[in-house]
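Chemist: Once you've had a glance at the structure underneath, I'll fire off some questions.
The values are calculated or read from the model by the stated rules, or taken from the named source; none is laboratory data. Quick caveat: nothing in here was measured; it's all calculated off a predicted structure. Glycine also receives a Cβ, built like all others from the backbone with ideal geometry; neighbour counts cover every protein chain displayed. To get the accessible areas, we keep the full protein, side chains included, count just its heavy atoms, and leave off ligands, DNA and RNA. Shrake-Rupley method; radii C 1.70, N 1.55, O 1.52, S 1.80 Å.
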Amino acid sequence: MDIKLKLAYIFMDLLLPLMLGYFFRRRNYLSEKNCDRLIVFNILVISTALSILSFWTLPLKLELMWLPLFGILLSIIPGTTAFLISGSKYDSGLEKGSYLVSAILSNIGTLGGLCAYIIFGEAAFAYTQIVGLFQGLVLFLFCFPMAQYYKMKSKPSEEKEKITFSSMFLNRNQLPVVGLVIGMLLCISGVPRPDFFGIVFDPLVHLCAWTALIPAGYSIEFSGMKPYYGTTLDLLPIKFIVTPILGYLLARELFTDPALLGTILIISSVPTGINAIVTARLYGLNLHVSGAAFVVTTAVFLVLVYPIIFFWITTNGLGHLHF
């Protein structure tokens, strides 16, 4: 795919819906209730459909078997680090939950995919999609239940509900996980995916981005984020030093392909994902914490981190491979 078209996609599917969501809030064109409905539609319908279709044709090549590990590992490393330092940061569980979600979730699929594609081409973009698919498991199986836990824990004593396994894991927001299982079973069973689904897949990806990012942009409130810019600064070393170093060192033990190693370095260094804001909004966590984390880490990545990685990779001869 032409690089200009890729850049157009990053504008159309990332920046434009974010700006529209922010504009809708400022102009009161979208109500809070309808914004929440859009999130629910994204999760229950679009994300579930994409989960089935994506895993239905999942590559099962032996050399790629370790890639899903990184979709989970690149969440565990920053999440564990953030958890160890978050105890003294926030008194409110709603703030702490939002901070941890912001540390765990990264913008691998969209921003990471584009940045890897610019250097290494289509193969790198495919690698990021495999890793990104399995980070979806972290979102639905861990981040959603964790957000539910902090929401329930933060209620006043007289309003607190009993925290049970079913209340955290067996609810409608876990429907995309069912989609993942269905897709994998179809793939393992050798059932061919009809060509029609290949045609609708691309429009669904764009629709998924818009139905997720419009509510995210709607939830960004720069004035409310000001008190939290300072408290989210420690995500910078977590996201851009600790995670990429550990991820890259492990990758060197598993892979020898320079393009794959460079791709893992890039996706290990991406900023907080927009799903952190979506999760905070869906479960009533502190939106300003996740919003501040998203804005701060994304700005530093685009201005400083990615240019450094680009220079390091290309000057070491990794950027001149052909696929």
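Chemist: Conditions first: (1) over 20 Å from the mean Cα position of the chain (by Cα); (2) part of a helix (DSSP H, G or I); (3) surrounded by fewer than 12 Cβ atoms within 10 Å (Cβ to Cβ). V191 passes all but one, so which condition is the exception?
Modeler: Result: V191 fails condition (2) only.
Chemist: Something else: Looking at the range 245-263, which of its residues are of a type outside the set (A, V, I, L, M, F, W, C), open to solvent by 10 Å² or more (accessible area, probe 1.4 Å) and in contact with a helix residue (DSSP H, G or I) (Cβ under 9 Å, 6 or more places away or on another chain)? Outline the logic, then answer.
Modeler: Step one: of the range 245-263, the residues of a type outside the set (A, V, I, L, M, F, W, C) are 247-248, 252-253, 256-258, 262-263.
Now narrow it down to the ones that are open to solvent by 10 Å² or more (accessible area, probe 1.4 Å): 248, 252-253, 256-258.
Once the filter is applied, which keeps residues that are of a type outside the set (A, V, I, L, M, F, W, C), open to solvent by 10 Å² or more (accessible area, probe 1.4 Å) and in contact with a helix residue (DSSP H, G or I) (Cβ under 9 Å, 6 or more places away or on another chain), the range 245-263 yields Y248, R252, D257, P258.
Chemist: Additional query: What residue, of L100, L53, is out of contact with any strand residue (DSSP E or B) (no Cβ under 7 Å at 6 or more places or on another chain), over 20 Å from I241 (Cβ atoms), open to solvent by less than 20 Å² (accessible area, probe 1.4 Å) and aliphatic (A, V, I, L, M)? Break it down into steps so the answer makes sense when it comes.
Modeler: Numbers: L100 fails: over 20 Å from I241 (Cβ atoms).
That would be L53, the only listed residue that is out of contact with any strand residue (DSSP E or B) (no Cβ under 7 Å at 6 or more places or on another chain), over 20 Å from I241 (Cβ atoms), open to solvent by less than 20 Å² (accessible area, probe 1.4 Å) and aliphatic (A, V, I, L, M).
Chemist: Moving on. Can you pull out every residue in the range 76-95 that is in contact with a Ser or Thr (Cβ under 7 Å, 6 or more places away or on another chain), modelled with pLDDT of 90 or more and open to solvent by 40 Å² or more (accessible area, probe 1.4 Å)? It would help to see each step written out before you state the result.
Modeler: Here is the first cut: in the range 76-95, the residues in contact with a Ser or Thr (Cβ under 7 Å, 6 or more places away or on another chain) are 77-78, 89, 92-94.
Keeping just the survivors that are modelled with pLDDT of 90 or more gives 77-78, 94.
If the condition is that a residue be in contact with a Ser or Thr (Cβ under 7 Å, 6 or more places away or on another chain), modelled with pLDDT of 90 or more and open to solvent by 40 Å² or more (accessible area, probe 1.4 Å), then L94 is the only one that fits.
Chemist: Right, something else. Test I266 against the criterion of being at pLDDT below 85 and open to solvent by less than 20 Å² (accessible area, probe 1.4 Å), and give yes or no.
Modeler: Working: at pLDDT below 85: no; open to solvent by less than 20 Å² (accessible area, probe 1.4 Å): yes.
No: the conditions fail for I266.
Chemist: Quick one: would you say T256 is free of Cβ contacts under 8 Å to residues at least 12 places away in the same chain and among the hydroxyl-bearing types (S, T, Y)?
Modeler: Working: free of Cβ contacts under 8 Å to residues at least 12 places away in the same chain: yes; among the hydroxyl-bearing types (S, T, Y): yes.
Considered against the rule, which asks whether it is free of Cβ contacts under 8 Å to residues at least 12 places away in the same chain and among the hydroxyl-bearing types (S, T, Y), T256 comes out as yes.
Chemist: Counting only residues that are open to solvent by 70 Å² or more (accessible area, probe 1.4 Å) and aromatic (F, W, Y), how many does the range 194-205 have?
Modeler: Of the residues in that region, 1 qualify.
Chemist: I would also like to ask the following. Just the residues that are part of a helix (DSSP H, G or I), crowded, with 18+ Cβ neighbours inside 10 Å and not aromatic (F, W, Y), please, taken from the range 206-228.
Modeler: L207, C208, A209, T211, A212, L213, I214, P215, A216, G217, S219, M225
Chemist: Sticking with this one: In this structure, does A293 turn out to be touching a strand residue (DSSP E or B) at 6+ places or on another chain (Cβ under 6 Å) and either modelled with pLDDT of 85 or more or open to solvent by 20 Å² or more (accessible area, probe 1.4 Å) (or both)?
Modeler: Working: touching a strand residue (DSSP E or B) at 6+ places or on another chain (Cβ under 6 Å): yes; either modelled with pLDDT of 85 or more or open to solvent by 20 Å² or more (accessible area, probe 1.4 Å) (or both): yes.
It is true that A293 is touching a strand residue (DSSP E or B) at 6+ places or on another chain (Cβ under 6 Å) and either modelled with pLDDT of 85 or more or open to solvent by 20 Å² or more (accessible area, probe 1.4 Å) (or both).
Chemist: Then there is this: Does K4 satisfy the condition of being at pLDDT below 85 and out of contact with any helix residue (DSSP H, G or I) (no Cβ under 7 Å at 6 or more places or on another chain)? Give the derivation first.
Modeler: Details: at pLDDT below 85: yes; out of contact with any helix residue (DSSP H, G or I) (no Cβ under 7 Å at 6 or more places or on another chain): yes.
Yes.
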